[in-house]
Structures are given as C-alpha cells and as structure tokens.
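To start, the structure itself, in structure tokens.
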Amino acid sequence: MELFIVPFVLIVAFMTVLGIIRANLKICQPNEVLIFSGRKRQLQSGEEVGYRVIKGGRGFRIPIIEKVDRLALNTIPIDLTVTNSYSKGGIPLAVRAIANVKIGSREVELNNAVERLLGKTLDEIQMIAKETLEGNLRGVLASLTPEEVNEDRLKFARELLDEADGDLGLLGLQLDTLKIQSVEDDRGYLDAIGRQSSANIIAAAEIVEAEKREDAKLAEAKADKAIAEAENEVRIVRAKLAAEAEAEEAKISVAALVSEAIAQQELAEQEIALSEKRQRASVIVAAEAERKAKEEIAKGDAARIIEDGLAEVDVIAKKLELWKSAGNDAERLFLIQMLPDILRQVVQTVDNLKIDQLTVVDSGSGTGGGVPAVFNQIAGATPALLESLKASTGVDIAGMLQNASKPTRDDT
C-alpha cells in the first residue's frame, strides 16, 4: 500500500505545481500590455512605482502578492464635430474631422496610461480622447482665419496634431491620424469667399481661355503658314525629283537604246562572222569533199585503167600465145577477130547518109524488075564494096575469106 501512496503523492504534487504555474504564467498578446501590480519597482527616471509593465512575451505572477491587468493597444476611432467655434476674425465655423488614437507604446505614455486609464472601459477612454481633441480643435481654429482653415487643411491638421500631441501624451494616448472632413459656417462667409474665388478663377480662366484662343489662332495661322510653306517645299521637291527622275529615265532609255544598238550591231557582226565561217566552211567542205571525190574517182579510174590495161595486156598475151600456137591458122583467126571492126568502119562511112524517101519504079516487063531488082543491086554492090575496101586499106577481105575456106595441110 505504501508503494502506491508515494507515487500518487508525487503525481498530485506535480499536477498541483503545474496548475499553479499555468494559472500564474501570463502570456501577453502583441496588441496589449500586462500590468503586474503589487510589488514596487524603480523606473529609469528614478521614480518608484508599485507595478511593472510587460509588452509582448510572458510574465509570471507571484500568487497572492501580485495582480495582473490588461491594457489594450488597439486603435480607437473618434468622430469629431465642433460647431459655433470662432476662428480668427470672429467668424464662427463648424468643423468635422475623424481621428484615430491609441494608448501610447512608449514607456512614459504607458506609465501615464496605467495611472490614468487602467480600469476604464474603451468607451470611457474614447470619450476622454474626444473631449480633449475637441478642445484642441477649438484652440487651433481660434488661431487661424477661415481662409486658412478652408484652403490649407494640411496646415490646419498639422497644427492640430502639434497641439493635441502634448495633451494626449499626458493622458497616455497617442494620436495616429487626423483628417479634416468639412469646414462650414452659418453666415455664408466661406460661400462668399468661394464665389469670389470662383468668380476670380472663372474670370482668370476666361482671360486665360481668351488668351489661349488667341494664341491658338496665332498658332493655327502659323501652323497653316508653315503647312503651306511645307507643301510648297514638298511640291518643289517633288517637281525636282520628278524632273530628275524623268532625266534619269531618259538617260536610262537612251543608254538602253545605245546598249540595244550596240548589242544588235555585235549580234549582226557575229552573225556575219558566223555566216562567213559557215560559207567558208561549206565551200571548203564542198571543195574538200569534191577534191576527195575526184581523187577517189581518179584513183578508181586509174585503178580501172590499170586493171583494163593489165587485162588488155593479158588478153594480148593470150592472143599472141594463141596465134603462136595456131600456126598457119593465125591469119584466119586474126581476120575473124578483126572482121567486126572492119565492117563497123565500113558501115560508118555511110552511117551519116540519110535517105528520106526511096522510090522503086517497076518497068512492067515482068523480068524481075522493081523491088527484087533493088535487093539484087544491094547484093551485087557487096563485091564492089570489098574491092573499094581493098583499094583503100590494102586488105583483101574476099581473098582472105577464100583462103580461109580452103583446107590447110594441117587439116589434111
């Protein structure tokens, strides 16, 4: 039993210590500060206070001795409305503005906030800040004219911030922003100023507009003049360019015609040279071909003549051999061979003799006259022709024929 009691006691003690730590360990959020009250501490200024402030992090509260309070650092929006507040010059104004305040985060402001605002609600703090800012706003309005308040609102807001910063700092508050929303008056002073300013502005604008219109007209006239001059220059340049272009085109055309003429002349010269070459070639080729043909023909004729001569020589040689072998018959053989030529020569003597008409007259005696007599005369003229041939050539053909018809000794 004692073995279980000791661990149980230890567990209970541990849990108790853990609970005490958890209950007294305070975590500070980024938008708040913790005020530990109950123990005295000395500030940097040497002042002794009964609290300590923690911004962020954590702190441990000593049980029974210390108390912990939280002070929020969130922004507090304040709507400011000040009416019937007299400005410099005695003109009552109504001003609406929006401000954002918060508890200051510097040590001095935090100490002032702890002493003045600790334990107050957010509405109470907002009311304190609003009343303070309204008082500062009235004080600033009293030092400015309506024109300055209405025309230079940045200056107005800046002076308000400068005046309110000290008062809010004593309360532990910090003014983040302040914006003037509207500035009005019940007597219509600002409206009159606005109308006067508007009239002045309108008049100045009309003057400026008239001047601008005049300047615009002058500028337009100058522009028209410049445009006309530019157009004239452009036309002149275009005319010059056109003339130069036409001159260049004419030069190019003439150059093209000259080139074409030169090319045609060169082509004609080439054609003439080619024609001459062709003619020369055709003449030379034809002459060469004719020369070669004639050479070949001459060679063929020479060869034929040579062959004919050789053949004739061979024939003559064979005839000689034949005559030699014929002995006494050689004369008859020669006569037989020469007889056709002789007869041909004899016939040629009367070859050119033309007989247009032959008339045969019959005597009518019935003794063989007429046509039979003509043929008998032709047959009887043959011996006379042979005698004439013998007398003219010395060749006795009739005798040779008679001798040839007689048998020789060799035949017997």
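The values are calculated or read from the model by the stated rules, or taken from the named source; none is laboratory data. Bear in mind the structure is a predicted one, so any value in this text is a computation, not a measurement. We place every Cβ from the backbone using ideal geometry, glycine too, and count neighbours over all the protein chains shown.
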Check your understanding: Got at least one residue in the stretch 76-86 being modelled with pLDDT under 80 and more than 60 Å from the chain's Cα centre (by Cα)?
Key -> yes
**Study point:** Filter result for the condition that a residue is at pLDDT below 85, among the charged types (D, E, K, R) and farther than 19 Å from LEU117 by Cα, over ARG52, ARG22
**Key:** ARG22
Exercise for review: Take LEU144 and decide whether it is in contact (Cβ under 8 Å) with a residue 12 or more places away in the chain, surrounded by 13 or more Cβ atoms within 10 Å (Cβ to Cβ), touching a helix residue (DSSP H, G or I) at 6+ places or on another chain (Cβ under 7 Å) and part of a loop (DSSP other than H, G, I, E, B).
Suggested key: yes
**Study point:** Condition broken by VAL68, with the remaining ones in (1) surrounded by 12 or more Cβ atoms within 10 Å (Cβ to Cβ); (2) closer than 27 Å to GLY139 by Cα satisfied
**Key:** (2)
Exercise for review: Tell me which residues, restricted to the stretch 19-40, are in a helix (DSSP H, G or I) and exposed (fewer than 10 other Cβ atoms within 10 Å of the Cβ).
Suggested key: ARG22
**Study point:** Residue that is among the hydrophobic types (A, V, I, L, M, F, W, C) and either closer than 23 Å to GLU107 by Cα or under 60 Å from the mean Cα position of the chain (by Cα) (or both), where the choices are ILE35, ILE11
**Key:** ILE35
